[in-house]
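Read through the structure below, which is laid out as structure tokens, and then see the notes.
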Amino acid sequence: MLRHTGAKLGEVLAINDGEDFDLVARKVRLGGRGEEARPWREVYMPHELHAELGLILRDPDYAPVRGSLFALDQGYVRRVLYERAVECGLPKHMANPNTLRRSRGIELLRGGVPLVAIQRSLGHLTANATAAFLELSGEDTAALDMALLEREKNPAEDGRNVFSGKVAAVNPGDLQSLVEVETPGGHRLVSVLSNDHLRAMGLRRGSPVTARIRPPRLTRGDAGGDAPGPNRFRGVVERIMVGADTAEVVVQLEDGARVCSVITPESLANLHLEVGQTVWAMTGAFSITVSAP
């Protein structure tokens, strides 16, 4: 878990295995507990971690400790890391959770993941803090500069599942509020934000915002109804990419915006999707984040 999420040791040891895993979406919820807790964030789990975790959580031998499976002593975990370091011939000062955390960040960067996405994954407040934390080499800094240049040349690829617009309405509740966003292309997105987050960003009607949606679910055009609505978009399948474990379906909406859905190859086969086919992309209010541009 430390190696694949880039989380702090305290964050991993605070995981409640009965509440913090979304095995369907292959995500783990981190933060929000313990000393100096940061806001909750969700981190994607690679296939091998997801598969191993699934086996453990289904193993009846672990039933007595479910909910506290990760509640280990920090000193014990660090001692184990030191012991493994000695066996591998690694310097002792490198055998610590912070080295794994920094290594994961650099691994993501070298894999082409945008710095802002790495920032969110590691739980840093700013991208500058992430860059400083990673202590990038000259080679990595040059690679980052090239990636930024490529992103400027190909904005459509980087802009998938991202909408720019203005706040159309704010419906406050006791702890959370519904925020409705309208885009220039006529899309309506409704998100649920905590009142603290809403106040911190100073959002009100007319405020310019950026809305990001998690990969939406898809239905065929003949099964989705007639009219668009909040968090509901009609488009045409532009591209389908199938891997060993997942499939990506890129949908171009009527105003030229693009959304990308990530599903299993089995779900793709069941939907019988083809390039050029009309589909509906839908998401929930809790699957949309709204931020100031």
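The table that follows gives values for the structure above.
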| read-out | value |
| --- | --- |
| Flag for A227 being modelled with pLDDT under 85 and either open to solvent by 90 Å² or more (accessible area, probe 1.4 Å) or in a helix (DSSP H, G or I) (or both) | no |
| Those helices (runs of 4 or more DSSP H) lying entirely in the stretch 107-190 with at least 1 residues touching a Gly at 6+ places or on another chain (Cβ under 7 Å), at pLDDT 70 or above and of a type outside the set (D, E) | 115-122, 127-134 |
| Qualifying positions in the stretch 4-45 - among the acidic types (D, E) and at pLDDT below 90 | D22, E35, E36, E42 |
| Test: residue in the stretch 191-198 that is within 24 Å of A269 (Cα to Cα), at pLDDT 90 or above and open to solvent by less than 70 Å² (accessible area, probe 1.4 Å) | no |
| Pairs, first more than 12 Å from L218 (Cα to Cα) in the stretch 235-250, second part of a strand (DSSP E or B) and open to solvent by 50 Å² or more (accessible area, probe 1.4 Å), C-beta under 6 Å, six or more apart | E238/Q252; M241/E248; T246/V262 |
| Residue in the stretch 78-102 that is modelled with the lowest pLDDT, counting only those that are open to solvent by less than 60 Å² (accessible area, probe 1.4 Å) and small (G, A, S) | A95 |
| Residues (surrounded by fewer than 18 Cβ atoms within 10 Å (Cβ to Cβ) and among the β-branched types (V, I, T)) located in the stretch 264-293 | T264, V275, T278, T289 |
| Some residue of the stretch 209-222 being at pLDDT below 80, assigned to a loop (DSSP other than H, G, I, E, B), open to solvent by 70 Å² or more (accessible area, probe 1.4 Å) and not basic (K, R) | no |
| Subset of the stretch 179-192 (residues that are in contact with a helix residue (DSSP H, G or I) (Cβ under 8 Å, 6 or more places away or on another chain) and not β-branched (V, I, T)) | S191 |
| Flag if V250 is under 21 Å from the mean Cα position of the chain (by Cα) and open to solvent by less than 30 Å² (accessible area, probe 1.4 Å) | yes |
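The values are calculated or read from the model by the stated rules, or taken from the named source; none is laboratory data. For clarity, every value in this text was computed on a predicted model and none was experimentally measured. For neighbour counting, all protein chains shown are included, and Cβ atoms are generated from backbone atoms with ideal geometry for every residue, glycine included. Remember, those area values only see protein heavy atoms, side chains included, never the ligands or the DNA or RNA. Shrake-Rupley method; radii C 1.70, N 1.55, O 1.52, S 1.80 Å.
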